[in-house]
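A.B. asks: Got a structure for you, questions after.
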Amino acid sequence: MLDALGLDNLEETVYRQLVGAPSANLEELAEAAELDTFAVSAVLSALEGKGLVARASAGQDRYVASPPAVALGALLVQRQDELRRAQVEMTELAGLYRGSVARRDVADVVDVVHGTEAIAQRFAQLQYSAKKCIQALQKPQAAVVTREDADEAERAAIERGVRHDIVLERSVFDTPGIYETIDSALEIGIELRVVPTVPLRAFIVDREIALIPLMNSEHNTVQDALLLHPSGLLDAILALFDLIWTSAPKLVATPEGTVEMAADRLEPLDTKVLSLLLAGLTDASIGAQLGLSLRTVQRRVRQMMDRAQVGTRLQLGYEAGRRGWL
């Protein structure tokens, strides 16, 4: 756990042994840590240099641990200063990057990432850099990171308040163990929706950058990926995601299991208004039936038309049927 302060595993092991003992010599530390004396001697020299151990006053061959609150506290402050300086540098570099992006031509808005390791690294970088939202279109197979790594990154992002909106292709459900994965995702707050087919794989971060894995049909693996920077091409990917997301049924965990629910279900009152409207009643009659004013009925119908992105009530009836509102 102390690697964040610059200690490797051997240094942490030896330091912990010393913290739990009044003092110890080289042989005692080597025996307790199950290491040879040569390795322990090198570790003690490194720990002395970091101020974590000192020679005991009883003899030069015995060592004592420096108080953790003092020694580790100093390392912690040093690391915090380094992080602050790195953050300032990152801000300056981000400003330079935005300036260079503004001067890019068409060929510069797409980076090609070669090789599975490079793709996995870029995927992890994007996920850990997310500040607002992660949106994804997922097809079966073609995973660029292990499930364990993905779970860790997702949980870290959600703890930072990053929203996750993911659309699954229905064939994903043929993957062994997928239901346990879906249940875990829903449990930590990821919103999942499902559609019959997904046109492409996409991983979008903060609606500012997107990673598009490219499937090798011959080997059924991902060997290359496209990294899309702000551009008309990225805008098209965002519009595609929004279009698919709006109409995709939502996966919801219930006591009976995971079920699909219409993504844009109507409120019960709107369902009644729409049912009476499609039955041929006038707005005034609908209001009389439901105890609503004429203006309220008209407003609710208008809101449903806007939600369905239609201009006439006839089109609203068609969209209501297509979306499963009734």
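The values are calculated or read from the model by the stated rules, or taken from the named source; none is laboratory data. As the structure is a computational prediction, the values presented were derived from the model and not from experiment. In this analysis, Cβ positions are derived from the backbone assuming ideal geometry, glycine residues included, and neighbour counts consider all displayed protein chains. Side chains are part of the model used for accessible areas, which takes the heavy atoms of the whole protein and leaves out ligands, DNA and RNA. Shrake-Rupley method; radii C 1.70, N 1.55, O 1.52, S 1.80 Å.
A.B. asks: Find the accessible area per residue for the chain; the probe is 1.4 Å, ligands and nucleic acids are left out, and the unit is Å².
C.D. replies: Details: 18970 Å² over 326 residues.
Ligands and nucleic acids excluded, the figure is 58 Å² per residue.
A.B. asks: On the accessible surface of the chain, probed at 1.4 Å, how many percent belong to carbon and sulfur atoms?
C.D. replies: About 55 percent, which is the carbon plus sulfur part of the accessible surface.
A.B. asks: Going by Cα centres, the range 146-185 and the range 6-83 are how many Å apart?
C.D. replies: The two parts, judged by their Cα centres, are 41 Å apart.
A.B. asks: For the chain, with a Gaussian network of springs between Cα atoms less than 10 Å apart, report the residue from LYS50, LYS132, LYS272 with the top mean-square fluctuation.
C.D. replies: Residue with maximal mean-square fluctuation among LYS50, LYS132, LYS272: LYS50.
A.B. asks: Per the helix-only calculation at 222 nm, which mean residue ellipticity applies to the chain, given -39500 (n - 2.57) for every DSSP H run of n ≥ 4 and division by its residues, nearest 500 deg cm²/dmol?
C.D. replies: Working: 12 runs with 165 residues, N = 326.
One gets -16500 deg cm²/dmol as the mean residue ellipticity at 222 nm.
A.B. asks: For the chain, which span is the longest to avoid every loop-located (per DSSP) member of GluC sites (Glu not before Pro) having at most 10 other Cβ atoms inside 10 Å? Present the calculation step by step, with values, prior to reporting the outcome.
C.D. replies: Values: sites that count: GLU34, GLU218, GLU256.
Maximal segment without exposed cleavage sites: 35-217.
A.B. asks: I would also like to ask the following. Please give every one of the lysines within straight-line cross-link reach of LYS139, meaning a C-alpha to C-alpha distance under 26 Å, and leave out same-chain neighbours fewer than 8 residues apart.
C.D. replies: Qualifying lysines at Cα under 26 Å: LYS131, LYS250.
A.B. asks: Can I ask one more? Considering amide H positions built from the backbone, and no H for Pro or chain starts, which residues 5 or more places from VAL194, or on another chain, come under 5 Å of its amide H?
C.D. replies: LEU168, LEU251
A.B. asks: Report, by chain and number, residues whose modeled amide H sits under 5 Å from the one on CYS133, excluding near sequence neighbours (fewer than 5 apart, same chain).
C.D. replies: Placed amide hydrogens put ARG163, ASP206 under 5 Å from CYS133.
A.B. asks: Short version: ³J(HN,Hα) in whole Hz for each residue of the range 198-212, in order, from phi by Karplus 6.51 cos²θ - 1.76 cosθ + 1.60 (θ = phi - 60°), x for Gly and Pro, what are they?
C.D. replies: 10, x, 7, 8, 8, 10, 10, 10, 6, 6, 10, 8, 9, 10, 10
A.B. asks: So, one more: With +1 on each Lys and Arg Cβ and -1 on each Asp and Glu Cβ, and nothing else charged, work out how big the dipole of the chain is about its Cα centre, in Debye to the nearest 20.
C.D. replies: 2140
A.B. asks: Taking square-rooted eigenvalues a ≥ b ≥ c of the alpha carbon gyration tensor, is the range 152-209 rounded, prolate or oblate, where a/c under 1.5 means rounded and, failing that, a/b exceeding b/c means prolate?
C.D. replies: Oblate shape, in that a/c is at least 1.5 and b/c is the bigger or equal ratio.
A.B. asks: Nearest 5 is fine: what % of DSSP beta bridges in the chain come out antiparallel, could you say?
C.D. replies: On the way: 30 of 41 bridges.
The antiparallel proportion sits near 75 percent.
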